[in-house]
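K.L.:
Quick one: the structure is below, questions incoming.
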Amino acid sequence: MLTLIHKECGGPALEESPVGEVCSLPVDRFPFPCFTCLEEIVDETEVRISEEWEI
């Protein structure tokens, strides 16, 4: 499962989708509030992708 993590707070930047994956973020989605801390994320440099394996 891929998750977008807000670098500043370390929490998920987006609410998990039913599929559980985030493949890409369209540029027109910026800025958006962080799902965890509600601070505004203005561009892709403020997030990182975390990959978790569920077996």
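The values are calculated or read from the model by the stated rules, or taken from the named source; none is laboratory data. Because the structure is a prediction, the values reported are computed rather than measured. Virtual Cβ from ideal backbone geometry, glycine too; neighbours counted across all protein chains shown.
K.L.:
For Leu25, work out the one condition from (1) within 10 Å of the chain's Cα centre (by Cα); (2) at pLDDT 85 or above it doesn't fulfil.
P.N.:
For Leu25, the exception is condition (2).
K.L.:
Moving on. So which residues in segment 8-22 are exposed (fewer than 12 other Cβ atoms within 10 Å of the Cβ), modelled with pLDDT of 65 or more and under 13 Å from Ser50 (Cβ atoms), if there are any at all?
P.N.:
Of segment 8-22, the ones exposed (fewer than 12 other Cβ atoms within 10 Å of the Cβ) are 10, 15, 17-21.
Then drop every residue that is not modelled with pLDDT of 65 or more, which leaves 10, 15.
Within segment 8-22, Gly10 is the sole residue that qualifies.
K.L.:
Could you tell me how many of the residues in segment 28-49 are modelled with pLDDT under 85 and of a type in the set (A, V, I, L, M)? It would help to see each step written out before you state the result.
P.N.:
Let us first name the residues in segment 28-49 that are modelled with pLDDT under 85, namely 28-29.
Next cut, of a type in the set (A, V, I, L, M) only: none.
Number of matching residues: 0.
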